[in-house]
Structures are given as C-alpha cells and as structure tokens.
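Heads up, the thing below is written out as structure tokens.
The values are calculated or read from the model by the stated rules, or taken from the named source; none is laboratory data. Since we're looking at a predicted model, the values are computed, not measured. Note: ideal-geometry Cβ built from the backbone for every residue, glycine included; neighbour counts use all protein chains shown. The protein model used for the area step is the full one, side chains on, heavy atoms only, and it has no ligands, DNA or RNA in it. Shrake-Rupley method; radii C 1.70, N 1.55, O 1.52, S 1.80 Å.
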Amino acid sequence: MTYAYLFKYIIIGDTGVGKSCLLLQFTDKRFQPVHDLTIGVEFGARMVNIDGKQIKLQIWDTAGQESFRSITRSYYRGAAGALLVYDITRRETFNHLTSWLEDARQHSSSNMVIMLIGNKSDLESRRDVKREEGEAFAREHGLIFMETSAKTACNVEEAFINTAKEIYRKIQQGLFDVHNEANGIKIGPQQCISTSVGPSASQRSSRDMGSDSGCC
Amino acid sequence: MSDKGDIETEVITEATSILEDENCEPTKNFESVDQSAKSESKSEPVASTRKRPESKPSSDLETSDVLPVQTSQAAGKETVSKDVPHTGWGYWGSWGKSLLSSASATVATVGQGISNVIEKAETSLGIPSPSEISSEVQYATGETSAKENENSSPMSGPFGVFSTISTAVQSTGKSVISGGLDALEFIGKKTMDVIAEGDPGFKRTKGLMNRTSTLSQVLREAKEKEEQWTTNEVTMETDKKTHYGLLFDEFQGLSHLEALEMLSRESEIKVKSILNSLSGEELETLKCELEQLKEAFSLAEFCEEEEEEKKGDEDFTKEITEVFSQLHVSSKPEKLTRARNTACEWIRTSLAKPLEEKEEGKKQLEAEKIEQINNNSIEDIHAFAIRSLAELTACSIELFHKTAALVLHGRKQEVTAIERSRALSQMTVVLCKELSSLSKEFTTCLTTAGVKEKADVLNPLITAVFLEASNSASYIQDAFQLLLPVLEISLIENKTELPEA
C-alpha cells in the first residue's frame, strides 16, 4: 500500500507497436491479441521493489496514432521515465524513433530516463530490424535498450523495472530533485528521504542494468 | 453563551424545517423510514427550542468549548450504555458530521453561504477543531463514565437540555436519510469545508483549495495524507476499504483528472495566445462567441428543483448514452454504465431480502429476524457505497477526459462547440443526479440493515455516504469546468480553420 517513491512513466511510440499490450502484461500479466485503439491516454499502476524499497509506477500509456500526437505531447510533462517502443517487424516504426525522441526530450524533464524497446521479439521469423540496430540507436542517444515480447512476457518485467532502477540510481546520485514534481517523482507518504542515500546500492543497481539479454 | 445558544437553535430548526419539506416528495420504498423521521423531526424542534443552556454548568470544565463536551456527555448518557467504548474519531466524528451535513443541507436549500452556517454551527456548538478532538474525546469520555458512575439518578439540570439537543441532532441526521442530498450535492466546492471536518485526509488540506492549486493536486494531497493517516493510525483492512480518496485513485480517477487538467491548461494557453493575436471586430466577435460558450457551462439547471423523482433503472443508461451521443465523439460511456448497473444490482439484492422479511416479521420478534436475514452488515454496505461512489466518479472523470481528448483530436465537426457544451452540461446534471439517487438508495440499505443499530453507529456511516456523494458531485462539476478551454479552442479552430498546432 505504501511506497517510498512514485515514478511517472510514459509509453510512447507508433501505433500498433504494442504499447498497451506491454502495459497490460506488466500490470495484469496477461496478453490481449486484439486491443482497442487508445484514445488520448490510458493508465496503469504497479508496485515494484528496488533495493528493498517499494516504488509505485504510475504509467501513462499514450495513443500512438499520428493524429493524436499533439494531444499526447501534453501528457509528457512530469514523467520520470519513458518507454519508447518500436515493432521489430515493422521498420517504419524504427525509423520514426528520432521524431518520438525529439518530442520526448522537448516536452519533458532533461533527466527523464528513456528505455528503448524493440517489441514483438517472439516474431523472430518476421524480424525487420536487427537487434544490433536497436542497440546502436540506444547507444547513440543515451538510452537503455531491450527487446521484449508482450505476448510471451519476455523481458517485460525487466523493461519496467530496469527503468525504475535507473531513475532510482539518478535520485541517489542527486540528479533528480525529488521535491520537484515536474521531475515525475513523488515521495511516498511518511518517507524521510534524507536518509535514503546509499552509494553502494546505486552501484549495484547500475551493474544490474546491463544484464538484459535474457530470453530474447 | 446565551446568544450562542440562539444561533445554535436556529441551525437546528432550519435543518428540521427543510427536512419536512423534503419529506413531502415521497420516496417510494421508504415510507416507514419517512414516517418515523417525520414524527421525530416534528417533535424535536420544540424540545430543543424550549430550553437553552443558560447557566454555565457547574462542573469543572475549564475549556471554552463547554458545549460539545457536555453534549457528548448527554449523548453518552442517553444512548450509550457504560460499556460501549467511545472510540476517538468515530464518536466525535459522527456527532460533528451529522450536524454538519444537516447544516449544509440547510444551506443549499435556504441559499445561505455555507461557510456562514458552518461558522455558526462551529461557534455556537463549539465544534472542536480536528486537532483538539483527540484530546477532548479522552477528556469527555472520561468525564462521562465518571459522571455515570457517581450519579445514577435521572438526568437533571443542564444535562437534560443537552440530551434534547443531541437527540435533535441525531434525528436531523436521520432525516437527512429520507430527505436525501439533492441540495447538498450541488453545492460544489464549498462542500470542501464540510468534508474537511469529517474526512481525515481532507481536514488537513483545508485551506489548500485556492486559485493556485489544481483540483487534482488537492485530491492527491488529500489522498496522500489519507494514506499516511491510514498507515499511522488505521490498521484494520476494513478501514482502508472505505477511504474514498484511495479508492478513487485505484480506479484511476486521479490520473484521468490530472490528464484532463493538462489538456485544459494547454488549451487555455492556446486560447489566450489566439485572443492576443486578434484585434478589432474579429476579436469582439470571438469574445462574444466565447461568452456564449461560457454560459453553457454555468449549469443553470442545477438551481432549479428537480421535477421528476427517481425514474426506472434503465433510464440512466439510456439517458447518459443519449446525451453522450450528442457530443459526436467516437466513444461510448459503457464503462460508466456498467459500473453504475453493478451498483444498482447490488442495492436491489441487498434491499430485496430485508424488506420482504421485515413485513412479515413485524408481528414477531422483528429484531431477531432481521439480524438473521441481513447478509450485509452496515459496514459492508458502507464500504460498498463508498467504493461505488469512487468508481462512478472515476468513470465520469474518465469520460470527461476522453471527451476532451476526442474533441481536441477531431478535425471535422458535425456539431458546434456550443452544442457540445450543452450536452456536457446536461451530462453533468445527469451524473450528479444519479450519484444523489444512488447515495439515497445506499443509505436506505443502511437504515434497513441497521434498524437495530444505535444512532451513533449508524449515523456516521450514513453521513459519510452523503458526504462522499456530494464530494463526488463536486469533482464531476469541477472536471466539467475543465472542459471549457478545450471547447473554446475547438470553437476557435473550427471557426478559423487553423491547422492543428
């Protein structure tokens, strides 16, 4: 029920790449092959545990349709983390990443942690974007990268949690002002943050970040 | 002291007089409740106006808040046997709450400023500030039991007076049940003051509600305080289940509200910059049109008395679907109607059994029967009521948010912004009425299930349902207002054929 921090996430990316499915898999642990088009934004929330701390993730799952673009931009503000999703079977969704990234950078805090996600890794036979390409793009733009499958749940958990770990690390490094809500972080009820700084924990979590290969 | 007494009586009599008015519009199922409430409320004002607490009581109370302490004593003597524990908040909370709710019902009908009357009620009855409550409760309860132990003779002197006052308060609390909250639920933000007194989360947020803070901020704050309070002071699972704020957030009401606020704010900025870029005649025409739009948002219908009483069950779904379709947005209010129908179904099954059995059981040992028959305890009903209100409100706000998104999204418009505003305004009325009617039904469930319960157990639950219903209505109305800038920008863009920014 209680949490140490609340992080606001946004999920962005082209329509049909599986944003809502990723969220559903993460919050409800199920997969829905046919999903209604998202209008504006939908929400999900889940508690995760990072270094023994309960963290509530409040996830804003935005509409991917181009026509909603100007509206969804309004929702970016105050996000601590973003999942930027493309579909590994549709190259155009990968090609649009730059424009999504520009949008994200422009409309949210500069400290926002961005996780690049190549979704639908279960459809290996239809793959159109190589894993290395995703990795290269992430490296170039300073993003974390993972390939996931909302269908098989592969790496879904990890994608959300690793993002949270990175945010948590930034908090401990003092990069995030947790008292400024524009950063998308809120301190949970009855928390005393002054005592929460622990460099050893942050080092450990940053090392964890790399181990994302897993099943995909 | 004596003029305080005057004001106090005023509040109570006002409350009771509207109660009688409200009783004039019969609510089908609850004739028996009505009658009992009526007979009580008829006798009470006389009792309470007959005597005044003229003399300072002789007891050794040094605080200036003499009255509430004594009233609690009186109430304690009257309704509570020695071994009933007076638990801190519950006991005091109930007392203060039921008075406040009746006072606010009065306000809405009589048309006075609510803060005015609350202030009156506070000064006259000396309702303690929330922070004082806990210490006073201990004091008061200590006093009560001490007095009861040493003095077994019938109540005399000032205590007699106080007991009548407290009965009056209790009966007004009860008759709110029959009268309903038609009025209270429409008072909007001013309800904050009332809620602040009764709700542990809100009470500390009181005063936060100013121009600079947004609604969702206030709500979030209240929710966080509530969470804190929950962890600090409440350990029982059941208590968590009845926290409106937590439930509202669980149903994503808070998130939708925040998102709606974002869209609203962005639209507002756009409208301003467009207005700044215009001049002369063009500006005047636009201003005029925007003014018309604003009028559609003023909710004039709320002031009028509702003509029809509650209609059939199916009607809400039909009505809301119809109104919603006038918006011409590609979405349907299914989630809302589903949630509402679940609530109605629950009420129906909950009421069906006890009512039937009550009829035949009347000649027999009624109390025993009802005890057996009731599957749902009053706590269950209360929890479900609060949950339903939170869910319906969250769904309503989601609906407004989606509408805002779709209005901003839509390029071709078959309807004008004014037409949409009117439909939205009507939707707000329908939603608020439905919440009112639901809260009435929930409290009927409560009174039916709780016939055997003492007033100080039942009343706070009833009051809580009404307060949250009025709370809900306020959120819905505030959310509705957030749509104004959205429709303004839609009007402008449709008019000037501006390409989407």
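Amide H to amide H distances under 5 Å link A:E147 with A:G118, where only residues 5 or more positions off or on other chains count and H is placed in the peptide plane. Accessible area buried by the pairing of B and A, both sides summed with a 1.4 Å probe, works out to roughly 2400 Å². Taken along the Cα-to-beta-carbon direction at a fixed 7 Å, the label points for B:K332 and B:K318 span 1.7 nm.
For the range B:476-494, the residues whose amide N sits under 15 Å from a probe point set 7 Å from the Cα of B:S277 along the beta carbon direction are B:489-494. Peptide A:63-69 has a mean of 2 when you count, residue by residue, the C-beta atoms of other protein chains within 10 Å of its C-beta.
Mean per-residue shielding of peptide A:39-51 is 4, counting Cβ atoms of other chains within 10 Å of each Cβ. Extension gain for the segment A:E140 to A:R91, taken as residue separation times 0.36 nm less the Cα-Cα distance, is 15.8 nm to one decimal. Judged by the mean number of other Cβ atoms found within 10 Å, the most tightly packed of the peptides A:163-171, A:138-146 leads the ranking A:163-171, A:138-146.
For the pair B:T349 and B:E414, label points projected 7 Å from Cα toward Cβ lie 3.9 nm apart.
Rounded to whole numbers, the Karplus 3J(HN,Hα) couplings from phi for the range A:113-128 are 7, 10, 10, 8, 10, x, 8, 6, 5, 6, 8, 4, 5, 9, 4, 10 Hz, using 6.51 cos²θ - 1.76 cosθ + 1.60 with θ = phi - 60°, and x at Gly and Pro. With N counted as the residues of the range A:46-161, its alpha-carbon radius of gyration over 2.2 N^0.38 Å works out to 1.07. In terms of packing, defined here as the mean over residues of other Cβ atoms within 10 angstrom, the peptides A:29-36, A:47-54, B:484-491 line up highest first as B:484-491, A:47-54, A:29-36. Note on B:248-261: average number of Cβ atoms from other chains within 10 Å of each residue's Cβ is 3. The gain in end-to-end length when the B:K241 to B:N494 segment is fully stretched comes to 86.5 nm, 0.36 nm per residue minus the alpha carbon separation.
Under 5 Å from the amide H of A:F176 lie the amide H atoms of A:I171, each residue being 5 or more positions distant or on a separate chain, with H modelled from the backbone and absent for Pro and chain starts. Once the C-beta distance of B:C288 and B:E268 is scaled by a Förster radius of 22 Å, the resulting FRET efficiency is 0.70 to the nearest 0.05.
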